[in-house]
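Structure, as structure tokens:
The values are calculated or read from the model by the stated rules, or taken from the named source; none is laboratory data. In this text, all values refer to a predicted model and were calculated from it rather than measured experimentally. Backbone-built Cβ (ideal geometry, glycine too); neighbour counts: all protein chains shown.
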Amino acid sequence: MRGFIHYQSISYIRSLKMIPPATVFGVWIFLLYAYSNVPILSSFAVSSMAVYLVMTWLAMTVFSIEEETEKNMLFVQLNSKTRYLLGKWAICLFFAVLFMALAILYPLGIDSFRGPIRPIHIGLSIYSHLFLAWFGILVGTFFSVTSFSTRKYTWLSALLVVTISLSYEGLVEKIYLLKWILFIFPPVTHTLSYLKEDEIVQLDGTFMQLAIWVMVYSVIGTVIVMRLYLRKER
Amino acid sequence: MDKNILEVSNVSKEIGGKKILKNITFTCEDYTTLAIRGSNGSGKSTLLKILAGIYEPTSGVVNRGNRKVGYVTEHFPESLRFKLKEYLILTASFQNIPKQQIEEDLIKYIEMFNLQAHVNTPLKKCSKGTKQKVGIIQALMMKPDILLLDEPLTGLDSATQSELFYLLEKLKKQVTIIFTTHEEKMIESLADAIFSVESGEVLHNPQFRTLQKLIKVNFKDQSILRKLNPDQITYEGNTAFITVDTTKSDELLLALLNNNCSILEVKERREV
């Protein structure tokens, strides 16, 4: 598996496909912290959303670097289609960690925040960036390796899912019934719900319920994407 | 499964609602070179992908035990971003083979396939023939029990084709080879058995070919040849053309020499 991750990382870096999403993310973070004295948690909420969007984009580029024959050869060389998927996800996670490090450490480094940073701020920022990065990877994977989207509408479909999941609260406020339909979309706003107010914050029972739902969704989403991928590659 | 390295029973494959393969059944023995013959669109590449584990059969079973498979695709990928040596080292590293072993194998195959001049050339800049050789080496570096080749000669010039023939001839003593082709020349020189597929169905089950020797000999007395009792013989003046099973050929050659015959030529050929 280490050999495959090495192979993938060289191939991906040489493809230069990470440059557009990485540049957009970098510019987003620098603009976000262009002013000092910004609120802590809501700034982390914005950078988490940026991670979500950019990781969707990046995952789709990671899955598009090979032509079909190279993929077929990799299946045989790895003797497993699952290992192929896990290797791809490892590359995505590597970039997610880099983006998270920039999003969390950069504002701390230039002292952008209003008020002192407490461990709970750091904890919540890691939680929100990590899960939103994973949701982005799942959405990107879903629209790259399953048969749910034709190549023509892949990007459009992924963008639609990202937009709907980001505007979940507004949509549910207008039409309450949508709440039951939109639960299949990544729970982005649930993840960010404790980062809206800057004044912290008691991590009460409601937070735990939301966090459990976010984790359960991640696990179920991962299993479903994996199964759909394996079904497509039969 | 003891003698058989591969067992395929009742394999069918449907892609996009279209039946590509229908109830394919055959077995393959260790160190056999099996040719899968068929016209374009007959389903032979799909069958090879099923044997490689790239596709799964819609119904039926492919049993290859724990045997390792090496796969050589018809068209080597065009957009690989590696240099030749770098690519081979990286793909071999997927197999948990010690680094030193990888280096040793690489030196052996680079020499065998005469690629010394290209080791540091980016694959994108290599010729089709070189890429095809790299495709075979990457499969061999996996140390496979079964080597699967999908139309290995497609698009190669005749010089490179001959070179590949020679290499595959050498390899067939070391590994079981299954290849798809519609080129009779390749079947004639390499295959021990032929399996014909047409429109996804088996036209002929594997037909095993016996290896024979064709001996061209000058004789002084025809009665000597009759006494030796060869399998098949034709005459052209004082020259005889004898066809004999390979297992009996050494004995016959010795007898011919002891009876003052001159051996002019000995050729190998296979017959169904």
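Quick check: anything in the range A:121-129 under 30 Å from B:G53 (Cβ atoms) and part of a helix (DSSP H, G or I)?
Restricting attention to the range A:121-129, the residues satisfying the condition of being under 30 Å from B:G53 (Cβ atoms) are none.
Scanning the range A:121-129, I find no residue that is under 30 Å from B:G53 (Cβ atoms) and part of a helix (DSSP H, G or I), so the answer is no.
Take B:K13 and tell me if it is part of a strand (DSSP E or B) and either more than 29 Å from B:A191 (Cα to Cα) or within 14 Å of another protein chain (Cβ to nearest Cβ) (or both). Walk me through how you get there before you give the answer.
Details: part of a strand (DSSP E or B): yes; either more than 29 Å from B:A191 (Cα to Cα) or within 14 Å of another protein chain (Cβ to nearest Cβ) (or both): yes.
Spelling it out, B:K13 is indeed part of a strand (DSSP E or B) and either more than 29 Å from B:A191 (Cα to Cα) or within 14 Å of another protein chain (Cβ to nearest Cβ) (or both).
Tally up the residues in the range B:49-64 that are more than 12 Å from B:I24 (Cα to Cα) and not polar (S, T, N, Q), please.
Selection size over the range B:49-64: 7.
Given (1) part of a helix (DSSP H, G or I); (2) more than 21 Å from A:L78 (Cβ to Cβ), where does B:L153 come up short, assuming only one miss?
(1)
Would you mind listing the helices (runs of 4 or more DSSP H) fully within the range A:1-117 where at least 1 residues are of a type in the set (D, E, K, R) and over 19 Å from the mean Cα position of the chain (by Cα)?
Working: elements: A:2-15, A:19-32, A:40-62, A:68-78, A:81-109.
Because the criterion is at least 1 residues that are of a type in the set (D, E, K, R) and over 19 Å from the mean Cα position of the chain (by Cα), the helices (runs of 4 or more DSSP H) in the range A:1-117 that meet it are A:2-15, A:68-78, A:81-109.
For the structure I just gave you, tell me whether B:E201 is under 20 Å from B:S39 (Cβ atoms), in contact with a strand residue (DSSP E or B) (Cβ under 8 Å, 6 or more places away or on another chain) and surrounded by fewer than 17 Cβ atoms within 10 Å (Cβ to Cβ).
Considered against the rule, which asks whether it is under 20 Å from B:S39 (Cβ atoms), in contact with a strand residue (DSSP E or B) (Cβ under 8 Å, 6 or more places away or on another chain) and surrounded by fewer than 17 Cβ atoms within 10 Å (Cβ to Cβ), B:E201 comes out as yes.
Consider A:S47 carefully, then state whether it is on the phi < 0 side of the Ramachandran plot, touching a residue at least 60 places away in the same chain (Cβ under 8 Å) and among the hydroxyl-bearing types (S, T, Y). Break it down into steps so the answer makes sense when it comes.
Working: on the phi < 0 side of the Ramachandran plot: yes; touching a residue at least 60 places away in the same chain (Cβ under 8 Å): yes; among the hydroxyl-bearing types (S, T, Y): yes.
The answer is yes for A:S47.
Only one of these is over 21 Å from B:D145 (Cα atoms), aromatic (F, W, Y) and crowded, with 19+ Cβ neighbours inside 10 Å: B:F76, B:F113. Name it. I'd like the intermediate steps shown before the answer.
Numbers: B:F113 fails: over 21 Å from B:D145 (Cα atoms).
Every option except B:F76 fails the conditions.
Which of the residues spanning the range A:67-110 are closer than 22 Å to A:R14 by Cβ, among the small types (G, A, S) and either in contact (Cβ under 8 Å) with a residue 60 or more places away in the chain or in contact with a Leu (Cβ under 7 Å, 6 or more places away or on another chain) (or both)?
A:G87, A:A90
Within the bounds of the range A:140-154, is there any residue that is farther than 21 Å from A:E67 by Cβ, crowded, with 16+ Cβ neighbours inside 10 Å and free of Cβ contacts under 8 Å to residues at least 60 places away in the same chain?
No: zero hits.
Of (1) within 30 Å of B:Y55 (Cβ to Cβ); (2) at pLDDT 90 or above, A:P186 satisfies all except one. Which?
The failed condition is (1).
State the number of residues belonging to the range B:216-249 that are among the hydrophobic types (A, V, I, L, M, F, W, C) and over 16 Å from B:K267 (Cβ atoms). Before the answer, list the steps.
First, pick out the residues of the range B:216-249 that are among the hydrophobic types (A, V, I, L, M, F, W, C): B:217, B:219, B:224-225, B:228, B:233, B:240-242, B:244.
Narrowing the set further to residues that are over 16 Å from B:K267 (Cβ atoms) leaves B:219, B:224-225, B:228.
Here the count works out to 4.
Here are some conditions: (1) free of Cβ contacts under 8 Å to residues at least 40 places away in the same chain; (2) under 19 Å from A:A96 (Cα atoms). A:L132 meets all but one. Which one does it not meet?
The number of the failed condition is (1).
Does the range A:168-214 hold any residues that are assigned to a helix (DSSP H, G or I) and touching a residue at least 40 places away in the same chain (Cβ under 8 Å), and which are they?
Of the range A:168-214, the ones assigned to a helix (DSSP H, G or I) are A:168-174, A:178-184, A:188-195, A:205-214.
A:V188, A:T191, A:L192, A:Y194, A:L195, A:A211, A:V214 - these are the residues of the range A:168-214 that are assigned to a helix (DSSP H, G or I) and touching a residue at least 40 places away in the same chain (Cβ under 8 Å).
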